[in-house]
Amino acid sequence: MTAATRSLSLEETLLEPPALPPPPTRHALFAILIALAALLHVATIGSGDLYSQTEGQYAGAAREMVESHQWLLPTNDGIPRLQKPPLLYWLIIASFELFGINPAAARLPVAVAVVATVALIFLIGEKLTDYWRGFIAGLIYLSFCGTFLLARIVMPEPLVSAFIAGAIFCAMCGYQRRRHRRAWFAGFWICSAFACLSKGLLGVLYPAAILVLLSIFYREARLRYRALLRWEYVAIFLLIVAPWHIWAEWHFPGYFRYQISTEWWGHLRGLTDETHDYKGMPAYQFLL
C-alpha cells in the first residue's frame with residue numbers, strides 16, 4: 001500500500017487563526033528571537049564611529065537638516081540630496097533629538113528596523129505553518145551575511161525590508177480575517193507607502209508582485225485580494241507618499257525625470273551616475 005501525497009492548497013496554508021491561545025513555548029521562542037536580534041543589532045550601535053561613505057551621507061544629511069531646520073530637504077555640505085525619499089532622514093532626526101547627535105543615535109532607526117523585520121518574519125512563518133518554523137525563519141534571517149553586516153550600516157534598505165514584511169503580514173491577516181479585512185488591507189497600503197518613502201517605488205512593487213503571483217495561481221486569492229484595489233486604500237497610499245514628491249518636483253523641476261531615468265530605469269539598465277556605478281552588474285539582480 002503506497003501512501004498518497006498531495007500539496008496543500010492556499011486555503012489550507014492560510015487557514016483561519018486558531019481559537020485557542022498559543023502555548024508558553026511560542027511566547028518564549030518569540031522573546032528569545034527578539035532578544036537575540038536586539039543583542040546583535042541594537043546593543044552594538046555604539047561600537048565605532050560612522051565609517052563608510054553611505055553612513056556619512058545619511059547621518060550627515062540628517063545632522064544638516066537639524067542645524068538648518070530644513071525638514072524637507074536633505075543636504076550634504078549644503079548640496080541637495082534627493083536620490084532617496086526622506087523617511088530615513090526623518091527617523092535619524094528624531095533619534096538625534098532624543099539621544100543627541102552621535103553615531104549610536106544615527107544607527108538606532110536601522111537597528112530597530114532589523115528587530116521589527118525579525119519579529120514580522122516570525123509572525124509570517126507562524127501563520128504559514130507554525131511558531132517553530134517562524135522561529136527558524138527568523139534565525140535564518142539573522143544568520144544571513146547580508147543581515148549581519150549590511151544591516152549595521154545607516155542606509156534605507158533595512159527600513160524597506162521591515163515595511164515590506166509588514167505589508168505581507170497585513171495582506172496575510174486580511175486574507176484570513178473576514179471581520180477586520182478592511183483594516184488589514186489598509187495596513188498593507190500604509191506599510192507599502194512607508195516603504196516607498198524609504199527607498200522609492202519598489203516599496204509597493206515588491207509586495208504587490210507577491211500578491212499578483214498568488215492571484216495568478218489561486219482563485220481564492222484573486223477574489224479576496226481584489227478588495228485591495230478599492231479607491232480609499234489607494235487614496236491613503238497617495239496621501240502618505242505624494243506630498244513630499246510633489247514638493248520635490250515643485251522646488252527642483254526635473255526631479256521626477258531623474259528618479260525614473262536614473263534611480264529606477266537607469267539601475268536596471270546598468271547605467272552610472274556621479275554616485276553609483278552599475279557597470280558589469282546583471283540586470284536581473286534588481287528583480288531578485
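Taken together, the values in this text are just the output of simple stated rules run on the coordinates, not laboratory data. Only a predicted model underlies this, so the values are computations on that prediction, with no experimental measurement involved.
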Item to check | Integer Hz, Karplus 6.51/-1.76/1.60 couplings in order for region 133-147, x for Gly and Pro | outcome: 5, x, 5, 5, 4, x, 5, 4, 4, 5, 7, 4, 4, x, 5
Checklist entry - What list of ³J(HN,Hα) couplings, whole Hz, do you get for region 114-130 from phi and the Karplus terms 6.51, -1.76, 1.60, once you set θ to phi - 60° and write x for glycine and proline? => result 5, 4, 5, 5, 4, 4, 5, 4, 4, 5, 5, x, 5, 6, 6, 9, 7
Checklist entry - So what J values fall out for region 55-61 if you push phi through Karplus, 6.51 cos²θ - 1.76 cosθ + 1.60 with θ = phi - 60°, rounded to Hz, Gly and Pro as x? => result 4, x, 5, 6, 5, x, 5
Checklist entry - Which cross-chain or sequence-distant (5 or more) residues have an amide H under 5 Å from the amide H of Thr75, H modelled 1.01 Å from N in plane? => result Met65, Arg81
